[in-house]
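The values are calculated or read from the model by the stated rules, or taken from the named source; none is laboratory data. Every value quoted in this text rests on a predicted model; they were computed, and no experiment measured them. Please note: Cβ atoms are built from the backbone with ideal geometry, for glycine as well, and neighbour counts cover all protein chains shown. What goes into the accessible areas is simple: the full protein's heavy atoms, side chains included, and nothing from ligands, DNA or RNA. Shrake-Rupley method; radii C 1.70, N 1.55, O 1.52, S 1.80 Å.
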Amino acid sequence: MSTFMESDERRALRAAVSDLGQKYGASYFYDTAREGRKTTELWNEAAALGYLGVCVPQEYGGGGGDIGDLAAVLEELATAGCPLMLLVVSPAIVGTIIAEFGTDEQKQHWLPGIADGTAKYAFGITEPDAGSNSHNITTHARRDGTDWVLNGRKTFISGVDEASHVLIVGRTEDRTGRLKPALFMVPTDADGFTRHEISMGLTSPEKQFTLFLDDVRLPGDALVGKENAGLEQLFAGLNPERIMVASSAIGTARWALGRAVEYAREREVWATPIGSHQAIAHPLARIHIEIEAARLLTQKAAALLASGDLLAAGEAANMAKYAAGEAACAAVDQAIQTHGGNGLAEEYGLVQALATSRLSRVAPVSREMVLNFIAQSSLGLPRSY
């Protein structure tokens with residue numbers, strides 16, 4: 001267990017980010033969503049303090065840390081009631097892929113903006129007919145001289161309205177005629193690129209979109225990494241994604257548990273705090289244990305990824321995402337139950353968190369597909385799909 005204990009530097013980072021998050025809080029997050037604004041003030045202040053670029057290499061303006069540092073940033077912001085989804089897609093997914101596979105010119109072009117917060121990038125992999133099967137992606141890129149031409153469709157893509165570019169997962173044809181994944185930085189104002197917002201039941205400043213790419217022409221250097229590089233580059237972004245989503249869910253669970261515990265201490269019925277009753281106390285204690293277990297799994301996944309053990313990191317990242325999603329759903333549900341009728345009053349902020357916590361069971365990969373992966377890869381059971 002000591003292998004995955006956090007360093008003094010990581011704990012100091014957590015404390016500093018927690019202070020920033022408390023300055024804004026859940027009321028700020030929900031107010032911006034209701035008013036149709038973005039969390040610009042929080043994003044800019046986090047950037048100025050160096051928190052957004054903690055895992056960007058130092059030579060490109062970042063802190064030179066690893067995904068565990070960025071995961072700690074997101075977890076503490078979510079614990080304060082500000083789960084910034086763009087931290088998952090911009091610095092964690094896009095930043096990691098470019099830092100690992102981009103050319104020197106691409107790194108110099110794209111990474112400094114991530115580090116200082118002046119740039120936001122989205123990530124486009126999900127398609128309406130592909131679901132969890134990335135092998136069924138139909139977005140296609142073909143060469144036309146020195147250019148690339150993209151055609152396809154993406155759905156449930158986060159933050160496109162705030163991003164200057166979307167890292168699109170397409171497919172190119174190799175010399176044998178097989179289609180393999182390839183990644184392209186696509187400007188959101190490109191000709192042939194259109195977006196439509198998806199109406200969601202989430203109280204969040206960050207929106208979801210369906211994207212249409214109709215003969216979108218890109219220069220040759222829009223390709224990130226190698227043509228026909230296969231799944232290696234794609235999974236370089238998916239493990240950080242799962243770690244970050246787990247961290248966000250853990251933060252949401254900690255926030256909800258904190259609200260429930262505070263209410264259980266203060267709310268008195270028949271002259272005694274309701275938290276003195278085991279029917280209230282035991283479910284909250286159990287959730288605390290589940291949160292700590294999910295945090296340990298997430299720290300393990302981040303440490304394994306930083307060490308370069310990608311297979312073990314993939315297993316741990318999927319388990320962490322599963323455990324954190326379950327903890328978040330349980331924490332929000334129990335917090336509402338602890339509050340009774342007040343749990344459904346918007347002023348307490350818990351009912352708004354219901355959809356967000358439920359999302360952690362579905363995205364970026366469903367809990368059922370995580371269980372399929374663990375059954376097959378960890379337990380050696382026959383493939384079920």
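Some points to look at:
- Boolean, Thr155 is at pLDDT below 95, of a type outside the set (Asp, Glu) and under 28 Å from Ala253 (Cβ atoms): no
- Filtering Ser384, Ser377 for residues that are among the polar types (S, T, N, Q), over 17 Å from the mean Cα position of the chain (by Cα) and closer than 27 Å to Glu100 by Cα leaves a single hit, Ser377.
Quick grid of which residues meet (1) hydrophobic (A, V, I, L, M, F, W, C); (2) at pLDDT 95 or above; (3) in a helix (DSSP H, G or I):
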position	(1), (2), (3)
Gly64	no, yes, no
Ala72	yes, yes, yes
Glu76	no, yes, yes
Glu105	no, yes, yes
His109	no, yes, yes
Gly113	no, yes, yes
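- Filter result (assigned to a loop (DSSP other than H, G, I, E, B), closer than 19 Å to Thr203 by Cα and open to solvent by 40 Å² or more (accessible area, probe 1.4 Å)) within region 2-53: Glu35, Gly36, Arg37, Lys38
- Residue list for region 129-146, filter: assigned to a loop (DSSP other than H, G, I, E, B), under 20 Å from Glu241 (Cβ atoms) and without any contact (Cβ under 8 Å) to a residue 60 or more places away in the chain: Ala130, Gly131, Asn133, Ile137
- The strands (runs of 3 or more DSSP E) found entirely in region 147-265 that carry 3 or more residues being touching a residue at least 40 places away in the same chain (Cβ under 8 Å) and surrounded by fewer than 18 Cβ atoms within 10 Å (Cβ to Cβ) are 147-158, 208-218.
- Looking only at region 361-376, residues that are touching a residue at least 24 places away in the same chain (Cβ under 8 Å) and small (Gly, Ala, Ser) come to 2 in all.
- Residue-level check: of (1) of a type outside the set (Ser, Thr, Tyr); (2) open to solvent by 10 Å² or more (accessible area, probe 1.4 Å); (3) under 19 Å from the mean Cα position of the chain (by Cα), Gly308 misses just (3).
- Meets criteria (modelled with pLDDT under 95 and open to solvent by 20 Å² or more (accessible area, probe 1.4 Å)) for Tyr385: yes
- Annotation: Val89 fulfils all but one of (1) open to solvent by 30 Å² or more (accessible area, probe 1.4 Å); (2) under 21 Å from Gly53 (Cβ atoms); (3) touching a Ser or Thr at 6+ places or on another chain (Cβ under 6 Å); (4) of a type outside the set (Asp, Glu); the unmet one is (1).
- Search result, residues across region 289-305 that are more than 16 Å from the chain's Cα centre (by Cα) and of a type in the set (Gly, Ala, Ser): Ala293, Ala303
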